[in-house]
Amino acid sequence: MPPVGDLWTLAPELWLAALGLILLGVDLLVGQGSKRAVGWVAVGGLLLALLPTGGLAASLQGGARRIFFDTYAVDGFAIFFKVLALLATALVILASTDYFRAAAQRPEDASRFEGEFYALLVFTSLGLVLMAASADLILLALSIELVSLTSYVLAGYLKGNPRSNEAGLKYFLFGAAASALMFYGFSILYGLTGTTSLYVIAQKVAQVPRPALMVSLALMLAGFGFKISMVPFHQWTPDVYEGAPTPVAAFLSVGSKAAGFAVLLRVVAVAIAPSGLDVVTLVAVLSAVSMFLGNLLALPQRNIKRMLAYSSISHAGFILIGVAAFGGPFGNSGLLVYLFTYMFFTLGAFFVAALIGARLGSDEIPDYAGLSQRGPGLAFLMALFMLSLTGIPPTAGFFAKFYIFAAAIERSPALLWLVAAGVINSVISLYYYVGVIRAMYLLPPADPTPIRGPSALRAALWITGAATLLLGLYPQPLIVFARTASL
């Protein structure tokens, strides 16, 4: 029986599990036309979950520890990703409360299965926080599968939409293959070391045969690469993002990606790095390839969701610069800073796409023509998010890229070529991001009818917009948070 103190450290996870069950109960009690109430309960519950998470952070003054027979880590790194997952899920649910009524094929289907949608997002958030704190291969596999299974359902949630059905099926098939490869890599690592604990593996990995360890790492990277949309495991991303409900695409681009990087870091930096394998060069090459391929394939895109999907692939490459630079004062916090800021401007871009797609029935970039006249606030926010994705000051995206480039330079002069690749790719990305701004501000509208979104979605948009600007102008609190959360 674990000590009571161990159970207290699981307060955020227990709260999320209870919240998901409460949402299912509330869904049964409210009427068919009042399913938004389930979403509001979910948002409130997720924000309240920040309280035990903050209390857990305050309790770490004595240092990080591991509980449940060293299978679960209680440290600043895990708490950082818990906060990120809770905020991302709350913002996505807030933006989704009116999405079903706008996206429904028939009015009577407007709120069908809406309550279960919010519950699934909460259970997925639970899986994300479990992924970030797992210190054992078995627990890691279980938490990844929890996230995967719920994500497959969410991607295909619009049953009457063939594209959503296709997205769910493709996501499931790619995910099943990636998981099989990853678990095979886990089994090889267990066979080499005789343990599933990442920290015990770190003590034994230097004595194992190098070829077998390299095979294990390659197989595990297939699973991690699928989660973070890293080349060459990115093929599912544009089709799934395009077909899935837009709030789900936003959630996958931020929540699932962040948890994937948390797992990648914990396995590579904790368990594999002591082996002496040249992991830095491998990650640097994957970073450069992801940046170039994502950006070059984004250039001809006319669909905003597909463009953001390829943008997500390129940003996976940028974040991998932080993985390659991990180990120095800048590198340890630079990766976390990038992920946290990336959450806000990426969610914001997808929220604008969700609103425009619901109002116009189109996700094509040319249909954004004249948005500055039809919805000046929306156009301003979308321009802000596009500039931040590019890395233009004074947005959060500029600060994140600056910090991660500084981390690579500090880590090793051998990574200067990777920094140069990042700068070149930032310039390439400017073309397709500014293309959206050009359509909104320079092209005439086909229809002058004003566009206004529902209040909940507008609130989510202004929150993400304010965070994108404030974190670029005054990032010091985030830097302190990231430094205290570093492994």
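The values are calculated or read from the model by the stated rules, or taken from the named source; none is laboratory data. These figures come from a predicted structure and were not determined experimentally. Neighbour counts are summed over all protein chains in view; Cβ atoms, including those assigned to glycine, are modelled from backbone coordinates with ideal geometry. We work out accessible area using only protein heavy atoms, side chains counted, and drop any ligands, DNA or RNA first. Shrake-Rupley method; radii C 1.70, N 1.55, O 1.52, S 1.80 Å.
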| request: Scan the helices (runs of 4 or more DSSP H) fully inside region 199-271 and keep the ones with 2 or more residues being among the basic types (Lys, Arg) and in contact (Cβ under 8 Å) with a residue 12 or more places away in the chain. | output: 210-228
| Verdict on Ala460 being at pLDDT below 95 and either over 27 Å from Ser96 (Cβ atoms) or in contact with a Phe, Trp or Tyr (Cβ under 8 Å, 6 or more places away or on another chain) (or both) | yes
| Identity of the residue in region 393-413, out of contact with any Ser or Thr (no Cβ under 8 Å at 6 or more places or on another chain) and open to solvent by 60 Å² or more (accessible area, probe 1.4 Å), that ends up nearest to Ser314 (Cα to Cα) | Phe402
| field | Whichever residue in region 187-227 is over 16 Å from Ser275 (Cβ atoms) and within 25 Å of the chain's Cα centre (by Cα) and, among such residues, is surrounded by the fewest Cβ atoms within 10 Å (Cβ to Cβ) | value | Ala222
| task | Please indicate, with yes or no, whether at least one residue in region 128-146 is in a helix (DSSP H, G or I), more than 25 Å from Tyr199 (Cβ to Cβ), at pLDDT 90 or above and of a type in the set (Ser, Thr, Tyr). | result | no
| message | Among (1) at pLDDT 80 or above; (2) over 22 Å from the mean Cα position of the chain (by Cα); (3) over 24 Å from Thr246 (Cβ atoms), there is one condition Arg36 misses while meeting the rest; what is its number? | response | (3)
| said: Just to check your reading of the model, which residue among Val215, Val200, Val268, Val205 is more than 29 Å from Ala353 (Cβ to Cβ) and touching a Pro at 6+ places or on another chain (Cβ under 6 Å)? | reply: Val205
| Of all the residues that make up region 291-305, how many are assigned to a helix (DSSP H, G or I) and open to solvent by 30 Å² or more (accessible area, probe 1.4 Å)? | 4
| Just a yes or no: is a residue in region 277-290 under 18 Å from the mean Cα position of the chain (by Cα) and either polar (S, T, N, Q) or part of a helix (DSSP H, G or I) (or both)? | yes
| query | Any residue at all in region 368-388 that is on the phi > 0 side of the Ramachandran plot, surrounded by fewer than 24 Cβ atoms within 10 Å (Cβ to Cβ) and free of Cβ contacts under 8 Å to residues at least 40 places away in the same chain? | reply | no
| task | Answer with yes or no whether Gly348 is in contact with a Phe, Trp or Tyr (Cβ under 7 Å, 6 or more places away or on another chain) and over 13 Å from Ala482 (Cβ atoms). | result | yes
| remark: All conditions in (1) farther than 30 Å from Ala358 by Cα; (2) touching a Gly at 6+ places or on another chain (Cβ under 9 Å) are true of Leu461 except (1)
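Check whether at least one residue in region 145-158 is among the polar types (S, T, N, Q) and more than 21 Å from the chain's Cα centre (by Cα), and report yes or no.
No, region 145-158 contains no residue that is among the polar types (S, T, N, Q) and more than 21 Å from the chain's Cα centre (by Cα).
Working carefully through the options Leu457, Leu461, Leu473, find the one that is of a type in the set (A, V, I, L, M), farther than 26 Å from Leu265 by Cα and either open to solvent by 20 Å² or more (accessible area, probe 1.4 Å) or without any contact (Cβ under 8 Å) to a residue 40 or more places away in the chain (or both).
Leu473
Would you mind stating whether Gly76 is modelled with pLDDT under 90, over 19 Å from Phe251 (Cα atoms) and in contact with a Leu (Cβ under 8 Å, 6 or more places away or on another chain)? Step through it out loud before you land on a result.
Details: modelled with pLDDT under 90: yes; over 19 Å from Phe251 (Cα atoms): yes; in contact with a Leu (Cβ under 8 Å, 6 or more places away or on another chain): yes.
When the stated conditions are applied, Gly76 passes them.
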| field | Candidates Ser275, Ser256, filtered to the one that is out of contact with any strand residue (DSSP E or B) (no Cβ under 8 Å at 6 or more places or on another chain), open to solvent by less than 40 Å² (accessible area, probe 1.4 Å), under 30 Å from Gly357 (Cα atoms) and modelled with pLDDT under 90 | value | Ser256
| said: Can you tell me which residue is most open to solvent (accessible area, probe 1.4 Å) among those in region 306-336 that are hydroxyl-bearing (Ser, Thr, Tyr) and more than 18 Å from Ile479 (Cβ to Cβ)? | reply: Tyr310
